[in-house]
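What follows is a set of notes on a single structure, which appears directly below.
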């Protein structure tokens with residue numbers, strides 16, 4: 001074996017020693033609370049009650065969206081055939097962008113939108129395009145990896161501010177004489193379930209003449225009266241808002257969008273390399289998303305958001321009663337579908353995940369570098385598709401796993 005391969009094997013062994021190796025599993029059935037999963041190593045498929053997907057409204061297997069996807073494929077074919085600027089920008093893409101612009105018009109003057117294959121690409125595109133050499137990016141300490149990587153790709157200087165520390169951020173902004181400033185933050189932090197102080201961030205952006213770039217991946221579809229996300233929930237409006245929304249989570253399909261003032265979108269079309277130099281997503285995806293948006297803003301969306309809020313309340317009330325008194329496991333302060341149970345050590349998170357698995361439940365264990373060292377956790381994700389009985393089963397299983405651990 002070459003030294004190159006030996007070096008990689010040594011690094012993998014180090015991951016094993018720290019309980020940090022990641023392993024894939026295969027979903028044999030559609031995304032739903034009950035899923036048949038095949039684990040690595042040749043184990044037989046098993047049906048597990050899953051609390052780990054980002055399908056917050058339970059739309060991923062919605063029959064109307066699946067039918068729209070099939071209709072889109074029949075109408076537009078399987079692939080787009082090229083990049084958006086060459087051949088691949090279909091009528092379906094255009095309709096979706098027009099619809100999303102209308103959605104965001106109450107919150108962004110002269111709003112337009114741009115559709116991307118993934119949220120990761122959208123974040124890379126925005127930051128690398130707007131973050132020129134004359135800019136400074138003020139990046140939240142707990143930002144998603146895609147925002148961090150987008151800042152790395154930009155030519156701008158990057159200043160990291162402590163998590164939700166508005167005083168520190170204001171001092172950093174006041175000390176900067178850069179002609180272009182970007183405040184960059186998740187709207188809902190994906191591993192904590194905490195909603196960022198968005199209104200206060202916007203006030204700082206106004207005061208210091210900065211862009212406010214918000215990644216609302218986990219708020220879009222869930223927050224606000226019609227699911228438009230954190231800006232609707234807080235009643236915000238500003239031309240300096242640059243909003244990224246993910247369409248593969250609560251929206252149940254795939255892709256992402258950027259919504260901003262038309263000048264920003266025009267600029268991104270000319271300068272955003274992850275948009276310019278990639279094949280457009282299949283038009284059928286965009287066609288299906290039109291149906292998804294109709295469901296999110298309609299009566300069904302209102303109903304599903306109410307169900308999700310009920311499941312969150314049931315879980316939080318139930319789990320508080322089963323947490324051990326020694327404080328070795330604590331529930332994060334979250335009002336959204338992401339409900340992290342922080343347990344500390346990597347091996348402990350993996351052990352608890354295995355205990356839940358043995359009880360027929362799947363919950364993801366999250367470890368560094370996704371979260372800070374010493375804060376490994378079970379990331380419990382609730383959905384409107386979960387029933388009250390299923391949440392009660394999860395609470396009971398967590399209580400059993402935690403009590404078994406305490407008596408060991």
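The values are calculated or read from the model by the stated rules, or taken from the named source; none is laboratory data. Bear in mind the structure is a predicted one, so any value in this text is a computation, not a measurement. Cβ atoms come from the backbone with ideal geometry, glycine included; neighbour counts cover every protein chain shown.
What the table below lists for this structure:
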item	result
Qualifying residues in segment 155-176 (those that are touching a residue at least 24 places away in the same chain (Cβ under 8 Å) and in contact with a strand residue (DSSP E or B) (Cβ under 6 Å, 6 or more places away or on another chain)) - the one surrounded by the fewest Cβ atoms within 10 Å (Cβ to Cβ)	176
Residue match in segment 270-282 (condition: assigned to a loop (DSSP other than H, G, I, E, B) and more than 26 Å from residue 81 (Cβ to Cβ))	no
Scope segment 198-225; condition over 17 Å from the mean Cα position of the chain (by Cα) and in a loop (DSSP other than H, G, I, E, B); matching residues	208, 209, 210, 225
Conditions (1) on the phi < 0 side of the Ramachandran plot; (2) touching a strand residue (DSSP E or B) at 6+ places or on another chain (Cβ under 9 Å): number failed by residue 209	(1)
Those residues of segment 16-29 which are loosely packed, with under 12 Cβ neighbours inside 10 Å and out of contact with any strand residue (DSSP E or B) (no Cβ under 8 Å at 6 or more places or on another chain), in sequence order	16, 17, 22, 23, 24
Residue that is farthest from residue 219 (Cα to Cα) [pool: residues in segment 377-408 that are in a loop (DSSP other than H, G, I, E, B) and within 24 Å of the chain's Cα centre (by Cα)]	387
Of residues in segment 343-375 being within 23 Å of residue 249 (Cα to Cα) and free of Cβ contacts under 8 Å to residues at least 60 places away in the same chain, the one surrounded by the fewest Cβ atoms within 10 Å (Cβ to Cβ)	369
So residue 327, is it outside the structural domain of residue 97 (by TED's automatic domain parsing), surrounded by fewer than 18 Cβ atoms within 10 Å (Cβ to Cβ), within 23 Å of the chain's Cα centre (by Cα) and more than 30 Å from residue 253 (Cα to Cα)	no
Top-ranked residue of segment 285-301 - restricted to ones that are farther than 16 Å from residue 98 by Cα and free of Cβ contacts under 8 Å to residues at least 40 places away in the same chain, ranked as surrounded by the fewest Cβ atoms within 10 Å (Cβ to Cβ)	299
So residue 336, is it surrounded by 15 or more Cβ atoms within 10 Å (Cβ to Cβ), at negative phi and within 18 Å of the chain's Cα centre (by Cα)	yes
Only listed residue being touching a helix residue (DSSP H, G or I) at 6+ places or on another chain (Cβ under 6 Å) and over 27 Å from residue 148 (Cα atoms), chosen from 305, 311, 348	311
Members of segment 30-80 that are over 30 Å from residue 397 (Cβ atoms) and touching a strand residue (DSSP E or B) at 6+ places or on another chain (Cβ under 8 Å)	79, 80
Residue that is nearest to residue 53 (Cα to Cα), among those in segment 9-28 that are part of a loop (DSSP other than H, G, I, E, B) and free of Cβ contacts under 8 Å to residues at least 12 places away in the same chain	22
One residue from 244, 276 being touching a strand residue (DSSP E or B) at 6+ places or on another chain (Cβ under 9 Å) and surrounded by fewer than 23 Cβ atoms within 10 Å (Cβ to Cβ)	276
Whichever residue in segment 358-376 is part of a strand (DSSP E or B) and over 13 Å from residue 342 (Cβ atoms) and, among such residues, is modelled with the lowest pLDDT	364
Odd one out for residue 80, checked against (1) surrounded by 23 or more Cβ atoms within 10 Å (Cβ to Cβ); (2) under 25 Å from the mean Cα position of the chain (by Cα); (3) in a loop (DSSP other than H, G, I, E, B)	(2)
